[in-house]
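The values are calculated or read from the model by the stated rules, or taken from the named source; none is laboratory data. Keep in mind that what you see is a predicted model, and the values were worked out from it rather than measured. Note that we place each Cβ from the backbone using ideal geometry, even for glycine, and neighbour counts take in every protein chain shown.
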Amino acid sequence: MAKQLLKGNEAFAEAAIRAGVEGFFGYPITPSTEFLEYMSKRMPELGRAFVQAESEVAAINMVYGAACTGKRTMTASSSPGISLMSEGISYIAGTEVPAVIVNVMRGGPGLGNIAPAQGDYNQMVKGGGHGDYFPIVLAPATVQEAIDNIILAFDLAEKYRSVVHVVVDGNIGQMMEPAELPPMREIPKDPPIWAVAGAKDRDPNILTSIYIDPVDEEITNIRLLKRWMEIEKNEVRFLEYKMDDAEIAVIGFGTAGRVASSSIRTAREEGIKVGLFRPLTLAPFPKLQISEISKRVKRILVVEMNSGMMLEDVKSVVQGRVPVEFYGRMGGVTPFPDEILDEIRRVASSDENVEDSERERWLERLEERILGEK
Amino acid sequence: MAIEKITDTLIYQRSESLTELHTHYCPGCTHGIAHRLIAEVLDDLDIREKTIGVAPVGCSVFAYNYFNCDFVEAAHGRAPAMATGIKRVLPKKTVFTYQGDGDLASIGMAEIMHAAARGENITVIFINNAIYGMTGGQMAPTTLPGMKTTSSPLGRDVELAGYPIKMAEILANMEGAGYIVRRSLHNPANIRKAKKAIRTAFEVQERGLGFAMVELLSTCPTNWKLNPQEAMDFVQEYMVPVFPLGDYKVRPEINE
């Protein structure tokens, strides 16, 4: 397939179509609405199911229903909508049926704004919904990656009968880039053996997340956990940029990681030995890889568009081996390459032992910068 | 001497659409009757093998243990949304929800209204017993004025808690609704009428004639603190006047 100029949200939606999604259920919310609008035209064109639900609560439950039939199904929303979906996500996970959920993150908390942010990291990676479950979380940074990740999301969701989140932000949803779409996947004729489709010539299938006897619930929890451990072993994905001889590792995902790579290019020209480690799977988290990196670099700089969420996961893996610094913007503000370049320069010549004070120090620098920006 | 062969004539047996599991419902609870009627209809219409049920949260959360067809378990109130998801991707299957008054008229109010508004081709069986059973007898949106429940211990005060919600009347106003009726399960005559209505409600789905709901006035002897017979009388004496039985919407094509 040839490369075309494609716009974020529409590209991901078409990618889902190519992946064979048969049910899309959503609700308008900026900045994910184009996804819904695109699907409202494309799905009926192909004779597939599309419903604009009355709310995100209803949408996720429609996804839940369709997921029980074994057909590929998804929704796309943004932070406040995802919060509404928390209950449904927990039910989908507890029932062990596959579903793909796209979160185009925006500034928050609460109503926040419609600008790009990464403030849902904890909500996405740590579950968001109640109970012991472990979603897979993919974090693309380019239109091509988003296309590829949506295909991957459906495959992983089915392989592991799991919830898969694809998290992007408004930048990625709105940007236009050259990218390639895959060919149309053939839709399988037969449902999976576990699916509900009418109990013809077989015993009924019951799909539920209630295990009233704690003994039975624990068996389920063990099964979910073991499945997660398999996912951790097999499905970690990440990207490394100029990491081979790096003395400083910048760790960032999505847009933050992408902006950082621009800064790193410039820093390298200045002779700073810096590289980027960009997780593509936020969950499972690339623990082994970051642990290895922490054994060979002098300092780590975590860059995020939130108050320091992946930062905690990095710190828990690094275990104090090297100083972990932080730079973040919040509220829907996207950092510019020069900001991160300043940080890289500062970190490169720093000998300070930060020891858990990296946030205070960052806030001081941030407030100075904000004053300067005024 | 010829030995006369004794022949048994089968006049009644458990529906194929029911499992053999003994239900856990209370003595005098009409869930058992409602389940049986649905199962008989699935058998009569020969649709068991293409039926998918959506169970609610409530006393009937384990309904899927009693029905012999594919079933899914919804979150509280979300059954109509789940049913929508299933029916939209499997339009040729028969999809029904089975919901109580908390599930349908309280937390699930948005979902039922919009499923009816969209004219989803599903069948909804609404068990209205004017109280929350499973959680121990709290007030429901359908609780009668003055009725004592564990969360309206002095009796439902309409000044503070409003009036009972009449779902059949409300949903009948939706253009997407094809068949909205209210029946009762408190005596054999009404049970027979209820079965006919349930059968029609499933036929409406088969024929694609819109959203179908049968509201069934039901008992909750345990939480009403009445014995089974008293509970049946309560339905006749107190519930029927507030929730009149009848046909609230019947699309003309249904009777053609």
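Restricting A:N149, A:N171, A:N103 to residues that are touching a His at 6+ places or on another chain (Cβ under 7 Å), under 21 Å from A:I251 (Cβ atoms) and not hydrophobic (A, V, I, L, M, F, W, C) narrows the list to A:N103. The selection criterion, being part of a helix (DSSP H, G or I) and under 19 Å from the mean Cα position of the chain (by Cα), holds for A:V63.
Would you say B:M134 is surrounded by fewer than 24 Cβ atoms within 10 Å (Cβ to Cβ), within 25 Å of B:A194 (Cβ to Cβ) and within 13 Å of chain A (Cβ to nearest Cβ)? Spell out how you get there, then give the answer.
Values: surrounded by fewer than 24 Cβ atoms within 10 Å (Cβ to Cβ): yes; within 25 Å of B:A194 (Cβ to Cβ): yes; within 13 Å of chain A (Cβ to nearest Cβ): yes.
Considered against the rule, which asks whether it is surrounded by fewer than 24 Cβ atoms within 10 Å (Cβ to Cβ), within 25 Å of B:A194 (Cβ to Cβ) and within 13 Å of chain A (Cβ to nearest Cβ), B:M134 comes out as yes.
Of all residues in the stretch A:296-318, those that are acidic (D, E) have Cβ atoms under 6 Å from Cβ atoms of residues that are assigned to a helix (DSSP H, G or I), 6 or more apart or on another chain, in A:E304/A:A256; A:E304/A:M310. Looking only at the stretch A:1-14, decide whether some residue is polar (S, T, N, Q), within 25 Å of A:Y121 (Cβ to Cβ) and in contact with a Pro (Cβ under 8 Å, 6 or more places away or on another chain). Checked against the condition, which is being polar (S, T, N, Q), within 25 Å of A:Y121 (Cβ to Cβ) and in contact with a Pro (Cβ under 8 Å, 6 or more places away or on another chain), the stretch A:1-14 yields at least one hit. Could you tell me which residue of the stretch A:263-310 is surrounded by the most Cβ atoms within 10 Å (Cβ to Cβ), considering only residues that are of a type outside the set (A, V, I, L, M), in contact with a Ser or Thr (Cβ under 9 Å, 6 or more places away or on another chain) and over 30 Å from A:G112 (Cα atoms)? Across the stretch A:263-310, the extreme among qualifying residues is A:R299.
Being among the aliphatic types (A, V, I, L, M) and more than 9 Å from chain A (Cβ to nearest Cβ): is that true of B:L90 here? Quick ask: steps written out before the conclusion?
Numbers: among the aliphatic types (A, V, I, L, M): yes; more than 9 Å from chain A (Cβ to nearest Cβ): no.
Against the criterion (among the aliphatic types (A, V, I, L, M) and more than 9 Å from chain A (Cβ to nearest Cβ)), B:L90 does not qualify.
Does B:K87 count as surrounded by fewer than 24 Cβ atoms within 10 Å (Cβ to Cβ), touching a residue at least 24 places away in the same chain (Cβ under 8 Å) and over 23 Å from B:L185 (Cβ atoms)? Judged against the criteria, B:K87 is not a match.
Evaluate the following for A:E240: is it surrounded by fewer than 16 Cβ atoms within 10 Å (Cβ to Cβ) and more than 30 Å from A:T95 (Cα to Cα)? Criteria met by A:E240.
Residue under question is A:T220, and the condition is that it be in contact (Cβ under 8 Å) with a residue 24 or more places away in the chain and within 11 Å of chain B (Cβ to nearest Cβ); does it hold? Step through it out loud before you land on a result.
Details: in contact (Cβ under 8 Å) with a residue 24 or more places away in the chain: yes; within 11 Å of chain B (Cβ to nearest Cβ): no.
Spelling it out, it is not the case that A:T220 is in contact (Cβ under 8 Å) with a residue 24 or more places away in the chain and within 11 Å of chain B (Cβ to nearest Cβ).
Checked against (1) in a helix (DSSP H, G or I); (2) more than 25 Å from the chain's Cα centre (by Cα); (3) free of Cβ contacts under 8 Å to residues at least 40 places away in the same chain; (4) away from chain B (no Cβ under 14 Å), A:S261 passes all but condition (2). Given the criterion more than 14 Å from every other protein chain (Cβ to nearest Cβ), over 25 Å from the mean Cα position of the chain (by Cα) and either of a type in the set (D, E) or assigned to a loop (DSSP other than H, G, I, E, B) (or both), identify the matching residue among A:D245, A:D201. Only one candidate passes the filter, namely A:D245. Every condition in (1) buried (at least 24 other Cβ atoms within 10 Å of the Cβ); (2) more than 7 Å from chain A (Cβ to nearest Cβ); (3) under 20 Å from B:A194 (Cβ atoms) is met by B:G77 except one, and the failing one is (3).
Can you pull out every residue in the stretch A:71-90 that is surrounded by 24 or more Cβ atoms within 10 Å (Cβ to Cβ) and within 14 Å of chain B (Cβ to nearest Cβ)? If the condition is that a residue be surrounded by 24 or more Cβ atoms within 10 Å (Cβ to Cβ) and within 14 Å of chain B (Cβ to nearest Cβ), then A:K71, A:R72, A:T73, A:M74, A:T75, A:M85, A:G88, A:I89 are the ones that fit.
Listed here are the residues, each with its yes/no results for (1) at pLDDT 95 or above; (2) within 20 Å of A:T75 (Cα to Cα); (3) among the charged types (D, E, K, R).
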| site | (1), (2), (3) |
| --- | --- |
| B:D70 | yes, no, yes |
| B:A81 | yes, yes, no |
| B:K87 | yes, yes, yes |
| B:K93 | yes, no, yes |
| B:F96 | yes, no, no |
| B:G100 | yes, no, no |
| B:D103 | yes, no, yes |
| B:A110 | yes, yes, no |
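For beta carbons closer than 6 Å, sequence separation of 6+ or different chains, a first residue in the stretch A:177-204 that is over 29 Å from A:Q144 (Cα atoms) and in contact (Cβ under 8 Å) with a residue 40 or more places away in the chain and a second that is loosely packed, with under 12 Cβ neighbours inside 10 Å and of a type in the set (F, W, Y), there are no qualifying pairs.
When residues in the stretch B:25-55 are screened for being in contact with a Ser or Thr (Cβ under 7 Å, 6 or more places away or on another chain), assigned to a loop (DSSP other than H, G, I, E, B) and closer than 24 Å to B:K196 by Cβ, 4 of them pass.
Filter the stretch B:59-111 for residues that are of a type in the set (A, V, I, L, M, F, W, C) and more than 21 Å from B:N128 (Cα to Cα) and give the result. Lay out the reasoning, then the answer.
At the first step, the residues of the stretch B:59-111 found to be of a type in the set (A, V, I, L, M, F, W, C) are B:59, B:61-63, B:67, B:69, B:71-72, B:74-75, B:79, B:81-83, B:86, B:89-90, B:95-96, B:104-105, B:107, B:109-110.
Scanning the stretch B:59-111 gives B:C69, B:F71, B:V72, B:I86, B:V89, B:L90.
Can you find a residue in the stretch B:93-105 that is within 14 Å of chain A (Cβ to nearest Cβ) and either small (G, A, S) or over 17 Å from the mean Cα position of the chain (by Cα) (or both)? For the stretch B:93-105, residues within 14 Å of chain A (Cβ to nearest Cβ) and either small (G, A, S) or over 17 Å from the mean Cα position of the chain (by Cα) (or both): present. Being basic (K, R) and either part of a helix (DSSP H, G or I) or within 14 Å of the chain's Cα centre (by Cα) (or both) is a description that applies to B:K87. Residues of the stretch B:47-67 that are under 12 Å from A:A199 (Cα atoms) and either surrounded by fewer than 24 Cβ atoms within 10 Å (Cβ to Cβ) or more than 7 Å from chain A (Cβ to nearest Cβ) (or both): B:I47, B:R48, B:E49, B:K50, B:G53, B:F67. Pairs are defined by a Cβ separation below 9 Å, a sequence spacing of at least 6 or placement on different chains, a first member in the stretch A:139-157 that is in contact (Cβ under 8 Å) with a residue 12 or more places away in the chain and closer than 12 Å to A:N9 by Cα, and a second member that is part of a helix (DSSP H, G or I) and of a type in the set (D, E, K, R); the pairs so defined are A:T142/A:R258; A:I147/A:E14; A:I147/A:R18; A:I150/A:R18. Taking the stretch B:56-84 on its own, how many of its residues are touching a Phe, Trp or Tyr at 6+ places or on another chain (Cβ under 8 Å), closer than 26 Å to B:N187 by Cα and assigned to a helix (DSSP H, G or I)? So the answer is 4.
Being within 14 Å of chain B (Cβ to nearest Cβ) and charged (D, E, K, R) narrows it down to one residue among A:D190, A:D169, A:D155, A:D148; which is it?
Within the list A:D190, A:D169, A:D155, A:D148, the selection yields A:D190.
Is it the case that some residue within the stretch A:274-284 is part of a helix (DSSP H, G or I), touching a strand residue (DSSP E or B) at 6+ places or on another chain (Cβ under 9 Å) and closer than 22 Å to A:M305 by Cβ? The answer is no; no qualifying residue exists.
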